[in-house]
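Bear in mind these aren't lab numbers, they're just calculated from the coordinates by the rules spelled out. Source: prediction; values computed, not measured. Neighbour counts are summed over all protein chains in view; Cβ atoms, including those assigned to glycine, are modelled from backbone coordinates with ideal geometry.
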Amino acid sequence: MNESPRTLYWLGLSCVGLIIAIYILFPVFWLFLASFKTQAELAQLPISFWPEAPSLEAYKALFSPTHQKGQLLDWPRLIGNSFFIAITSTILVVFFGTLAGYAFARLSFPGRDLILGGLLISRMFQGAALLLPTYRLMSMIGLQDNPIGLVLLYSAFGLPFATWIIASSLREIPRELEESAMMDGASRIQSMVMVVLPLATPALITAAMWHFVGAWSEFAFASILLESNENKTVTIGLASFVELFTLEFQFVGAAATIVALPIMLVFFFGQRYFTRGLLAGAVKG
Amino acid sequence: MILPVVVAVLAFVIGPTYNVATLSLTKIVMGQERGFGTLSNFSALTSDPVFWLVMKNTAIWILGGTLLCVCVGLGVGTFLAVDSKMTSVLRALILLPWVLPDVVTAMAWKWMLHGQVGIIGQTLESTGLTEEAISFLGDPDLVMWTLVVVLIWRKMPLVALILCAAIRSVPDDQMEAARMDGATAFERFRFVVIPNIAFSLTAVTVISMIWITAEFALPWIMTGGGPANASQIMATYIYQQSFEFFNWGVASAMSVINLVMLASIVGLYLYINRRSWASEASE
């Protein structure tokens, strides 16, 4: 008697869940499938869902030297550039974010809350409006078309959020732990490094992951600041396909897969840190 | 210890903001800056016929995008708040659109929406819903709303997740009491859940608005503002005027308008948050 409405309920629930899952995953999956298709297959109608004869040609072409002539870009180099920029700026952000986070959590100085609040608000003002002045600033200090310029820029944009995540996690660590370490003769820096930071590791990982993902994905500032082909990043390389290939989506699919891969890896292995950072970030912008 | 952070923010956020504000008041002739203290950039902007189109599109983008984002997010979030294995898997999965690079999102959708070989147009045609495959990004009447749909895909998951967390923290005894009083599922949602999540709902609306205002790469890569400026929004217009036409006066005037808009949304956000802090303190 009670069985059938219950079954119906679960069936309905599963259907909605399935629709949401398809809705979320399909666009990415579809682009991924395209990377294994051939040119002829992509242009044919009706559209074939699975690749008829999966091939790795698009990936080979992307990485082969013959494909770098003219306008096409050197993908191994782009990947190297992106890794350099994302990793270097992540290291800077975590290092300076930890210093500042510690100061905000432990020391009291005039205007502390005001500065912390100001940092958080500054994070909301990053967008198209700052493109032009940033470009002018970078050409003024000679860091235009230089990956170092982007490293500095991304670090500056990422620091407020990292500082905030780290500061709020340090605040939850009892002061007594540090104080007892200092009583045993450790200096402030020693107790910070040996006692406090190991406990704050989850926050450091959260900050590092979010920063890496953001820096790896960034498009707008990279596109205005990097001019020569050997300095460009993967997102610029992928975006340049807009004009280059109109129907050759196998290359777009392959390149998009390469751009998405590190993010997917970070995402799947760092799931809980992501949710943490996202919810934290949402509350304070 | 906080010095590097403060210096970085001053140099790359406050500095440029100040710079673009002064630039918007400077007359620029042939790339040379001539004379400060003029509103000619703003008057040039308002007499630009594209400007009003940009304002209209930006309104669709920000208001339409935010509204849909919150509505869809509330629906999905309510669903995700149900306890089951499936929803817990979905709760983890749903962040994917949020962490993928803009460029990848733009490319995936651009291809799905392609006029000839796009799967969405083809599916609609083969199921007989439309007579021929629609070119979603090529049709000036459709393009703006198409972009909004992609924007929802990208930004909604976060809204859903936050609202899901808020719904899950609604006290059980209130729900139980409502159920005892014979409230239907809809009534429980309307009179118990909504008042409980009202603060999260307002906060998430304003935050979405800030994020959508700042979003640039998605519309730029998908349409570049085209066809014929039909999907030109503030962000893409600033980019185009600055780096394709080198029309720095107009670009900086537009940037200032954009910053003022952002500042008012941020102000609204601070105002809402202040009230919540006050209520926390009085409790």
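Each of B:E215, A:E52 was scored by other Cβ atoms within 10 Å of its Cβ. Arranged with the fewest first, they read A:E52, B:E215.
Diagonalising the gyration tensor over the Cα atoms of the range B:162-283 and scaling each eigenvalue by 5 before taking the square root yields semi-axes of 43, 19, 9 Å, largest first. When the Cα gyration tensor is reduced to axis lengths a ≥ b ≥ c, the ratio a/c stays below 1.5 for the protein assembly as shown, which is therefore classed as rounded.
Of B:L124, B:L142, B:L262, which is the most mobile in a GNM of chain B whose springs link Cα atoms less than 10 angstrom apart? Among B:L124, B:L142, B:L262, the largest mean-square fluctuation in the Gaussian network model of chain B belongs to B:L124.
Annotation: for a label point projected 7 angstrom from Cα along Cα→Cβ of B:F243, residues of the range A:137-151 with backbone N closer than 16 Å are A:137-140, A:143-151.
Taking every residue in B:186-195 and counting other chain Cβ atoms within 10 Å of its Cβ, the average works out to 0. Other protein chain C-beta atoms within 10 Å of residue C-beta, averaged over A:253-265: 3.
Taking a ≥ b ≥ c as the square roots of the eigenvalues of the Cα gyration tensor, the range A:1-121 is oblate, since a/c reaches 1.5 or more and a/b is not larger than b/c. Ordering B:S126, A:S228 by the number of other Cβ atoms within 10 Å of each residue's own Cβ, fewest first, gives A:S228, B:S126.
Rg over Rh for the range A:128-176 works out to 1.24, using Cα positions for both radii and the Kirkwood form for Rh.
With neighbour counts taken as other beta-carbon atoms within 10 Å, the residues B:S200, B:S231 rank, fewest first, as B:S200, B:S231.
For chain B, pairs of C-alpha atoms spaced more than 31 angstrom apart make up 43 percent of the total.
Taking 7 Å steps out from each Cα toward its Cβ at B:V260 and A:K60 produces label points 5.9 nm apart. Helical runs assigned H by DSSP (4 residues or longer) give chain A a calculated mean residue ellipticity at 222 nm of -23000 deg cm²/dmol, each run adding -39500 (n - 2.57) before division by the residue total.
Label-to-label distance for B:A198 and B:S88 is 3.3 nm, based on points extended 7 Å past Cα in the beta-carbon direction. Place a label point 7 angstrom from the Cα of B:A228 along the Cα-to-Cβ direction, then list the residues of the range B:111-155 whose backbone nitrogen is under 14 Å away. From the range B:111-155, the list is B:138-143. On a per residue basis, the convex hull of the C-alpha atoms belonging to the range A:131-222 measures out at 112 Å³.
Using a ≥ b ≥ c from the Cα gyration tensor of the range B:35-147 (square roots of the eigenvalues), is it rounded, prolate or oblate, where a/c under 1.5 gives rounded and otherwise the larger of a/b and b/c decides, a/b for prolate? It comes out oblate by the Cα gyration axes.
Put a plus charge on the Cβ of each Lys and Arg, a minus charge on the Cβ of each Asp and Glu, and nothing anywhere else: the dipole of the protein assembly as shown about its Cα centre is then about 880 debye.
For the range B:70-228, pairs of C-alpha atoms spaced more than 18 angstrom apart make up 66 percent of the total. For chain A, the longest principal axis of the alpha carbon atoms and the long axis of helix A:131-140 meet at an angle near 70°. Pairs of C-alpha atoms in the range A:150-285 farther apart than 21 Å represent 57 percent of all such pairs. Once the Cα atoms of helix A:197-217 and of chain A are each reduced to a long axis, what angle between those two axes, in degrees from 0 to 90 to the nearest 10, is obtained? Helix A:197-217 sits at roughly 40 degrees to that axis. Over the C-alpha trace of chain A, radius of gyration and Dmax come out as 23.8, 78 angstrom.
Which FRET efficiency, nearest 0.05, do A:S228 and B:R274 yield, Cβ-Cβ r, R0 45 Å? Working from the Cβ atoms, E equals 0.40. With unit charges on the beta carbon (Lys/Arg positive, Asp/Glu negative), name the residue among A:Q190, A:I236, A:I224 whose Cα is farthest towards the positive pole of the charge dipole of the range A:118-273. Farthest towards the positive pole: A:Q190. For chain A, the longest principal axis of the alpha carbon atoms and the long axis of helix A:112-122 meet at an angle near 10°.
About the centre of its Cα atoms, chain A shows a dipole size close to 480 debye [charges on the beta carbon of Lys, Arg (+1) and Asp, Glu (-1) only; nearest 20 debye]. For chain B, hydrophobic long helices are taken as DSSP H runs at least 18 Å long by C-alpha position along their axis with mean Kyte-Doolittle hydropathy of 1.0 or more; these are B:65-80, B:143-168, B:194-214.
Across peptide A:269-277, the mean count of Cβ atoms from other chains lying within 10 Å of each residue's own Cβ comes to 2.
Pairs from the table (A:K232/B:K155; A:K37/A:K232; B:K56/B:K110; A:K60/B:K155) lying more than 31 angstrom apart at Cα are A:K60/B:K155. Here the simple spin-label model places points 7 Å from the Cα toward Cβ, and for A:M182 and B:A183 these points are separated by 5.1 nm.
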